[in-house]
Each structure stands twice: as C-alpha cells, then as structure tokens.
Amino acid sequence: MSALRAFSSPLRTLLRPCIAARPALPVVGVRHLGIPPLIAQPPGGIVGTVNDAVAVPAPHKTHGSYHWSFERLLAIGLVPLTVAPLVSATALSPALDSILVSSLLVHSYFGFQSCIIDYVPLREFGKVHHACMYLLLGGTVVAGYGFYKLETEDVGLTGTIAKVWTA
C-alpha cells in the first residue's frame with residue numbers, strides 16, 4: 001500500500017494544474033423544447049471525499065424496514081385475494097372485493113413510487129421529481145374514486161372481470 005501512496009503523490013502534483021483548470025459543469029437541458037434543466041452534478045456524481053462522515057438520516061417508521069416489511073406483506077396478501085374468486089364459483093363478497101381493490105391500489109402506488117425514486121431521483125431532477133410524485137398521488141386518488149364507483153354502483157372488480165371473461 002505504501003508503494004501506491006508513493007506513486008500517487010507525485011502523480012497528483014503533476015495533475016493538479018489540469019484538475020484546477022477543468023471548467024465547471026454546465027446545466028444540462030433543452031430550454032427551447034420546454035424541458036427543464038437538470039441539476040449540475042460533480043464529476044462521477046460523488047460529493048465530498050472518502051473520509052467525510054456519512055449523514056445518517058433520522059429513523060422514521062414509514063421508511064426503511066417497516067415500509068419494506070409492509071410492502072412484502074401486502075404483496076403476499078394479494079395472492080389469496082386474487083385466487084379466491086377463481087376458486088369459488090361465485091364472486092367475492094363486497095367486503096373482500098373492496099379489500100382486494102384497496103390492496104391493489106396501495107400495491108400499485110408503492111410500485112410506481114419506487115420507480116419514480118429510482119429513475120427520477122430528487123438530487124438530479126429536483127422539481128420534476130416532485131411533479132412526478134404529485135402526479136402519482138393524483139392518479140391514485142382518481143383511480144381510487146373510479147374503484148369506489150365500481151364497487152358501490154356496479155358489480156365490483158371481480159364481477160366486472162367475470163363479465164369480461166365470459167363475454
């Protein structure tokens with residue numbers, strides 16, 4: 001390891017003028033198309049040095065392990081709720097149908113939220129990330145209202161799927 005340090009020290013002193021003369025990163029974006037600019041990132045996407053302390057977020061019960069466990073339990077719980085109408089000759093009761101609909105809605109919300117967090121990160125996209133989250137929330141509310149109308153004024157989700165299947 002000491003040989004690597006002995007080699008890297010003179011190399012750093014030789015490259016220091018090149019590193020200092022490097023231009024700042026431009027803000028990327030296509031303004032004439034109405035696409036908002038991205039937030040400029042440092043080279044390699046790394047902020048700080050290796051020796052900087054990591055900022056540990058405060059624990060919160062809705063993020064982290066509780067959130068992950070709830071998502072897994074919800075996904076496992078969807079299996080019997082989707083298989084039950086196929087096994088029984090009749091449609092589910094309205095209460096079980098409502099539980100199926102609400103579970104599907106929450107499961108879809110968590111899945112799309114994870115996609116937004118992964119592919120539209122806050123540190124790169126800023127306001128676009130927030131806009132996507134608000135659009136997801138709005139779409140979930142609209143879908144929830146549609147499912148409510150389907151459950152209260154029609155035959156429900158499983159009844160609708162049975163009608164479509166036998167049509």
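The values are calculated or read from the model by the stated rules, or taken from the named source; none is laboratory data. Since this is a predicted model, take the numbers as computed values, not measurements. Note that each Cβ is placed from the backbone with ideal geometry, even for glycine, and that neighbours are counted across all protein chains shown. What goes into the accessible areas is simple: the full protein's heavy atoms, side chains included, and nothing from ligands, DNA or RNA. Shrake-Rupley method; radii C 1.70, N 1.55, O 1.52, S 1.80 Å.
Taking the criterion of being within 20 Å of Leu74 (Cα to Cα) and among the polar types (S, T, N, Q), the residues of the range 111-167 that qualify are Gln113, Ser114, Thr140, Thr158.
Checked against (1) under 24 Å from Leu86 (Cβ atoms); (2) open to solvent by 40 Å² or more (accessible area, probe 1.4 Å); (3) assigned to a helix (DSSP H, G or I), Thr158 passes all but a single condition, namely (2). Here Gly44 meets the list (1) outside any loop (DSSP other than H, G, I, E, B); (2) over 18 Å from the mean Cα position of the chain (by Cα); (3) at pLDDT 75 or above almost entirely, failing just condition (3). Only one entry of Val101, Val87 meets the criterion of being touching a Phe, Trp or Tyr at 6+ places or on another chain (Cβ under 6 Å), of a type in the set (A, V, I, L, M) and either loosely packed, with under 15 Cβ neighbours inside 10 Å or within 28 Å of Gly156 (Cα to Cα) (or both), and that entry is Val101.
Does Val128 satisfy the condition of being surrounded by 14 or more Cβ atoms within 10 Å (Cβ to Cβ), out of contact with any helix residue (DSSP H, G or I) (no Cβ under 8 Å at 6 or more places or on another chain) and among the aliphatic types (A, V, I, L, M)? Considered against the rule, which asks whether it is surrounded by 14 or more Cβ atoms within 10 Å (Cβ to Cβ), out of contact with any helix residue (DSSP H, G or I) (no Cβ under 8 Å at 6 or more places or on another chain) and among the aliphatic types (A, V, I, L, M), Val128 comes out as yes. When the range 67-84 is examined, which residues are found to be exposed (fewer than 11 other Cβ atoms within 10 Å of the Cβ) and hydroxyl-bearing (Ser, Thr, Tyr)? Residue satisfying the conditions is Ser69 alone. Quick check, is Tyr109 exposed (fewer than 14 other Cβ atoms within 10 Å of the Cβ), in a helix (DSSP H, G or I) and out of contact with any His (no Cβ under 8 Å at 6 or more places or on another chain)? When the stated conditions are applied, Tyr109 does not pass them. Could you check, for the range 100-111, whether at least one of its residues is at pLDDT 95 or above and closer than 26 Å to Ala40 by Cα? For the range 100-111, residues at pLDDT 95 or above and closer than 26 Å to Ala40 by Cα: absent.
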